[in-house]
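Q: My questions will all concern the structure given below.
The values are calculated or read from the model by the stated rules, or taken from the named source; none is laboratory data. Fair warning: this is a prediction, and the values are worked out from it, not measured in the lab. Positions of Cβ are backbone-derived with ideal geometry, glycine not excepted, and every protein chain shown enters the neighbour counts. Please note that ligands, DNA and RNA were not included when accessible areas were found on the heavy atoms of the full protein model with its side chains. Shrake-Rupley method; radii C 1.70, N 1.55, O 1.52, S 1.80 Å.
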Amino acid sequence: MNLEEFLRAARTEAEAALLRVLPEAGTPLADAMRYSTLAGGKRLRPALALAFHDVLGGSGAPREEVAEAAAALELVHTYSLVHDDLPCMDDDALRRGKPTCHVVYGEAMALLAGDALQTLGFEVLASRPRGAELAARRAEAVLVLARAIGAGGMAGGQALDLAASGHAGAGPGAAARLREIHEKKTGRLLAAACELGAVLAGAAGAKREAVVRFGASLGVLFQIADDLLDVTATAAVLGKSVGKDEAQEKLTYVSVFGLDGAVAERERALGETLALAAGLEPEPGLLAALAAWAGHRDR
């Protein structure tokens with residue numbers, strides 16, 4: 001299976017799982033949750049979890065329940081996007097080619113939809129795959145995700161990002177601050193997606209640690225590519241507003257290193273991620289292809 005086939009199959013599994021776990025339409029809150037979650041997207045985080053679950057031998061649990069556990073990552077990711085788009089944060093009007101949640105449902109309902117998506121993600125992860133024999137893995141999975149999105153992870157990275165807005169120039173220590181922002185804001189959740197697949201498969205020790213290192217490196221690579229796309233892509237292609245990083249004077253790889261320097265940083269990060277992939281697969285395969293795609297995608 002090549003990368004395109006894998007991503008298409010994983011997206012299909014994730015979409016079906018999301019439809020099973022989301023609340024039924026019919027209330028403003030449920031409608032807002034479904035609107036944002038089912039608006040499309042790459043479903044990269046569930047795909048990573050499924051990839052590592054399968055590569056590391058699987059869990060023997062029903063496939064639909066494994067897919068639902070992986071889909072919990074998409075619920076949490078979507079919550080972060082809904083909140084990130086709010087006027088008090090990035091104040092964005094376009095996401096995945098559609099008006100953002102608060103534009104359609106209002107700020108208060110969007111805030112509640114994000115809250116509910118986060119808690120639903122943990123509810124799903126705490127209950128799938130079912131069975132007493134997998135209880136320890138479920139508990140570990142919840143811990144992995146909680147650590148990834150809290151003050152030491154995604155939320156902390158977003159706080160650092162907000163604090164750095166208006167200070168886009170290089171300056172002393174800018175590169176180190178930038179890397180910390182990206183490692184926490186984007187890298188930790190992508191690393192958690194990879195680790196979740198390892199946890200569900202029962203992997204431990206050095207193998208699990210190698211998976212986490214790959215995921216963290218992939219996250220930084222993914223964010224560098226995002227910074228470049230904000231400068232080089234169009235809203236029609238990207239499906240979200242572009243040029244906002246510069247307008248808000250955000251600390252990005254382009255603002256710190258310049259366009260050519262950011263491209264060089266992307267290639268350095270890609271090489272690092274490919275080297276980590278080589279330690280996890282006997283020859284260049286799915287993980288190497290994921291790294292190459294993350295670094296050179298066009299949307």
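Q: Can you put TYR253, TYR79 in order of accessible area, largest first, using a 1.4 Å probe? The partial results should precede the final answer.
A: Values: TYR253 5, TYR79 30 Å².
If we order TYR253, TYR79 from most to least accessible, we get TYR79, TYR253.
Q: What distance in nm separates the two pseudo spin-label positions at ASP115 and ALA136, each 7 Å out from Cα along the beta-carbon direction?
A: In this crude label model, ASP115 to ALA136 measures out at 3.7 nm.
Q: Right, here's the next one. In debye, nearest 20: dipole of region 1-49 around its Cα centre with unit charges on the Cβ of K, R (+) and D, E (-)? Numbers along the way, then the final one.
A: Working: 7 positive and 6 negative charges, 26 e Å.
The calculation lands at about 120 debye.
Q: Sticking with this structure for a sec: What is the Cα convex hull volume of region 1-126 when expressed per residue in Å³?
A: On the way: hull volume 12.8 nm³, N = 126.
Taking only Cα atoms, region 1-126 has a hull volume of 101 Å³ per residue.
Q: Once amide H atoms are built 1.01 Å from N in the peptide plane, which residues 5 or more positions from ARG95, or in another chain, come under 5 Å H to H?
A: Counting only residues 5 or more places away or on other chains, the set is THR100.
Q: Also, quick follow-up: Which listed residue (GLY205, GLY156, PHE52) has the Cα farthest towards the positive end of the charge dipole for the chain, taking +1 on Lys and Arg C-beta and -1 on Asp and Glu C-beta about the Cα centre?
A: GLY205
Q: Continuing with this model, one more query. What figure in square angstrom, to the nearest 10, would you give for the accessible area of HIS102 with a 1.4 Å probe?
A: 20
Q: Rounding to the nearest 20 debye, state how big the charge dipole of region 105-177 is about its Cα centre with +1 on each Lys and Arg Cβ and -1 on each Asp and Glu Cβ. Please report the intermediate quantities before stating the final value.
A: Numbers: 6 positive and 6 negative charges, 55 e Å.
Value, rounded to 20: 260 debye.
Q: Quick one: ranking GLU65, GLU140, GLU183 by accessible area, 1.4 Å probe, largest first, what do you get?
A: On the way: GLU65 30, GLU140 60, GLU183 80 Å².
Most to least solvent-accessible, the answer reads GLU183, GLU140, GLU65.
Q: Which one, (i) 35, 21, 17; (ii) 30, 27, 21; (iii) 28, 25, 17, gives semi-axes √(5λ) of the Cα gyration tensor in Å as derived from the coordinates shown?
A: (iii)
Q: Related question: Can you compute the charge dipole magnitude of the chain about its Cα centre, using +1 on each Lys and Arg Cβ and -1 on each Asp and Glu Cβ, nothing else charged? Give it in debye, rounded to the nearest 20.
A: Working: 31 positive and 39 negative charges, 86 e Å.
The dipole of the chain has a size of about 420 debye.
Q: Rank these residues by their accessible area, most exposed first, probe 1.4 Å: GLU74, GLU64, GLU15, GLU5. Walk me through the numbers on the way to the answer.
A: Values: GLU74 0, GLU64 110, GLU15 50, GLU5 80 Å².
Of GLU74, GLU64, GLU15, GLU5, the descending order of accessible area is GLU64, GLU5, GLU15, GLU74.
Q: For GLU267 paired with SER165, estimate the spin-label separation in nm (one decimal), with each label point 7 Å from Cα along the Cα-to-Cβ line.
A: Rounded to a tenth, the inter-label distance reads 3.4 nm.
Q: Let me ask another. Assuming R0 = 25 Å, can you tell me the calculated FRET efficiency for the pair ARG297 and LEU259, based on Cβ-Cβ distance, to the nearest 0.05? Working shown, then result.
A: Values: r = 17 Å, r/R0 = 0.69.
The pair ARG297/LEU259 has a calculated efficiency of 0.90.
Q: Sticking with this structure for a sec: Rounded, prolate or oblate: which fits region 25-65, taking a ≥ b ≥ c as square roots of the Cα gyration tensor eigenvalues, rounded meaning a/c under 1.5, else prolate when a/b beats b/c?
A: Values: a/c = 5.51, a/b = 2.21, b/c = 2.49.
It is oblate, given that a/c is not under 1.5 and a/b is not larger than b/c.
Q: How high is the relative contact order of the chain, in percent, counting Cα pairs under 8 Å that sit 6 or more residues apart? Numbers along the way, then the final one.
A: Details: 463 pairs, mean separation 56.3, N = 299.
Computed value for the chain: 19 percent relative contact order.
Q: Given that compact globular proteins tend to follow 2.2 N^0.38 Å, what is the ratio of the alpha-carbon Rg of region 249-299 to that value? Please report the intermediate quantities before stating the final value.
A: Numbers: Rg = 12.9 Å, N = 51, 2.2 N^0.38 = 9.8 Å.
Here the Cα radius of gyration is 1.32 times the empirical estimate.
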